[in-house]
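**Student:** This is the structure, below, for whatever I ask next.
Just so you know, all these numbers are worked out from the coordinates, no wet-lab data involved. Given the structure is predicted, the values throughout are model-derived calculations rather than measurements. Cβ placement follows ideal geometry from the backbone for every residue including glycine, while neighbour counts extend to all protein chains displayed.
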Amino acid sequence: MFEKMNIIKMGIMPTKKESKEYVKQGIIPVKFCYPKIGGDIWHKLRRDKRYVIGERELTAFNGSLDNVKEIIEEDPINIVHLGPGDGIEVPLLFDRLNLCGNGKYVGADISGKMIINTFRLNKPYFSNDNSLWYLTDIEIEGNLELICRDIKNKGANRNLILLTNQGVLLSNPRILEFMQKSMDNQDYLFITVEGDCPPKRDEICATYDLAEVRELLSVGLQRAGYDPKKGRFRTVLNEQESRAEVYFKPEMVQSGSMHNKPEILCLTSYKPQTDEFRQRLENAGLHIKFMKFYEDVHTFGVLCSKNR
Ligand SMILES: C[S@@+](CC[C@H](N)C(=O)[O-])C[C@H]1O[C@@H](n2cnc3c(N)ncnc32)[C@H](O)[C@@H]1O
C-alpha cells in the first residue's frame, strides 16, 4: 500500500554549500529545482500538450521497446528507472516488458515528491514485492553503483537501466561514465533523447520557453537568492556543446551589488547529432546494441551494453 512505501536514501546527497559553489560559477543545475514544489510543477508541465519534447521522447521510447525486449530476452531482469518524474513510461514498460522471476522495478530520483508521484499515479502496476524506491543524486559519483549493487542483492542478477527522456542528465559530461561503472557485463542501458535537427532548432528551443519550465527554473533561482521576476530568460542551441541552454539575465539596477550581474546558466539539455552521440557512447566504454533515430520526432532510442 501507498502508506507503507519504503524509500531508501542511498549515497551522498547535494549540500547547500555545493549549490552555493555552482552559483559562484554562474550555474544553477536543474537538479536543485526538482525536490519539493518542483515535483508539483513537473506534474503540471508533463501534462501540458505544448511540452512536445515529452511526446517526442515517448514516441522513441515506445518505438524501441520491442527491439529492447528482443535483445535483453525473457530472463529475469531489474528495471532501474532513473529520474522517473511522474513515471509516465511505467504503463508502457509494464505492458511490454516482463519483469518475471525475482526481477524488480526500481525508481531512483533526487526528488521524494517525484518518487511518490510515480507510485501514486501508477499504483496498479506496483506491489510491495515488485518495486524498490531510492532517493539519491545519480550525478554524484558512486551513488548509482551503490544502488545497482543493492538491487542485485534484492532482485534479479542483471539490470536494465533506463536513462530515458533525460536530456538534462545527459548534458552532464560524466553521466555516461557513471552509467558504465554501474554496469556488469550482463546489464543494459536504454537511452531516449531528443537530438539536434538544424531546420527545427527554433521549435526545439521553444519547449524551454514554456511558462511551467520557467516556473521550474525559478525554484532554483529563488533558492539561490534571485528574484526570477526581475530579469529575462533566453534559450539558445549551442551546436559546439551539442546542447540547448537556458540563461537568466538578472535585471540591471543602478546601484548596489546587482549592477552588471552576469547571466546565470540555469538549464542545459543534451541535443546530439548521430556521429557525436555514437562517439560519446563509445568513449564511455558503452557498445551500441541498437540505435534508431526517429526522424519525424528527431529523437534517438539506443540500447547499450559493456560487451561488444
Ligand atoms: C525531465 S524529468 C523526466 C521524467 C520522466 N522520465 C519523464 O519523461 O516524464 C527529470 C527527472 O529526473 C530527476 N533527476 C534530475 N536530476 C537528478 C539527479 N541528479 N539524480 C536523480 N534524479 C534526478 C528529476 O527529479 C525528475 O524526476
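**Student:** Convert 20 °C to kelvin, take the viscosity as 1.002 mPa s, use the Kirkwood radius over C-alpha pairs of the range 198-270 as Rh, and evaluate the Stokes-Einstein diffusion coefficient in µm²/s, rounded to a whole number.
**Tutor:** So the translational diffusion coefficient is about 164 µm²/s.
**Student:** Same structure again: Which FRET efficiency value, to the nearest 0.05, do you get for residue 9 and residue 274 by plugging their Cβ-Cβ distance into 1/(1 + (r/R0)^6) with R0 = 45 Å?
**Tutor:** 0.70
**Student:** Something else about it: Suppose each label sits 7 Å from its Cα in the direction of the beta carbon; what would the residue 74-residue 184 distance come out to in nanometres?
**Tutor:** Placing both labels 7 Å beyond Cα along the Cβ direction yields 2.3 nm.
**Student:** Mean-square fluctuation check for the chain, GNM, Cα pairs under 10 Å: which of 31, 20, 49 is largest?
**Tutor:** 49
**Student:** A further question on this structure: With N denoting the number of residues in the range 181-308, provide Rg(C-alpha) divided by 2.2 N^0.38 Å, to two decimal places.
**Tutor:** This ratio for the range 181-308 stands at 1.34.
**Student:** In nm, what is the difference between 0.36 nm times the number of residues separating residue 18 and residue 51 and their Cα-Cα distance?
**Tutor:** 8.9 nm
**Student:** Hey, another quick one. Over the chain, what per residue volume does the convex hull of the Cα atoms give, in whole Å³?
**Tutor:** Enclosed volume per residue, from the Cα hull, is 128 Å³.
**Student:** Where is the GNM fluctuation largest for the chain (alpha-carbon springs, 10 angstrom cutoff): 91, 124, 272?
**Tutor:** 124
**Student:** So, one more: Have a look at 33, 100, 266 and tell me which one the Gaussian network model of the chain (Cα, springs below 10 Å) gives the largest fluctuation.
**Tutor:** 100
**Student:** Just to confirm the number: angle between the C-alpha axis of helix 274-283 and the first principal axis of the chain, 0 to 90 degrees, nearest 10?
**Tutor:** 70
**Student:** On to the next question. Using the alpha-carbon atoms, what tilt in degrees (0 to 90, nearest 10) does helix 143-154 show relative to the longest principal axis of the chain?
**Tutor:** With rounding to tens, the tilt is 20 degrees.
**Student:** Which of the pairs 20/306; 69/154; 44/230; 104/271; 16/113 have their Cα atoms more than 27 Å apart in this structure?
**Tutor:** Result: 20/306; 104/271 exceed 27 Å.
**Student:** As I understand it, the value is the acute angle between the Cα axis of helix 112-121 and the longest principal axis of the Cα atoms of the chain; what does it come to in degrees, rounded to 10?
**Tutor:** Roughly 50 degrees between the two axes.
**Student:** Stretched out fully, how many nm does the piece from residue 206 to residue 229 gain, at 0.36 nm a residue minus the Cα gap?
**Tutor:** 6.3 nm
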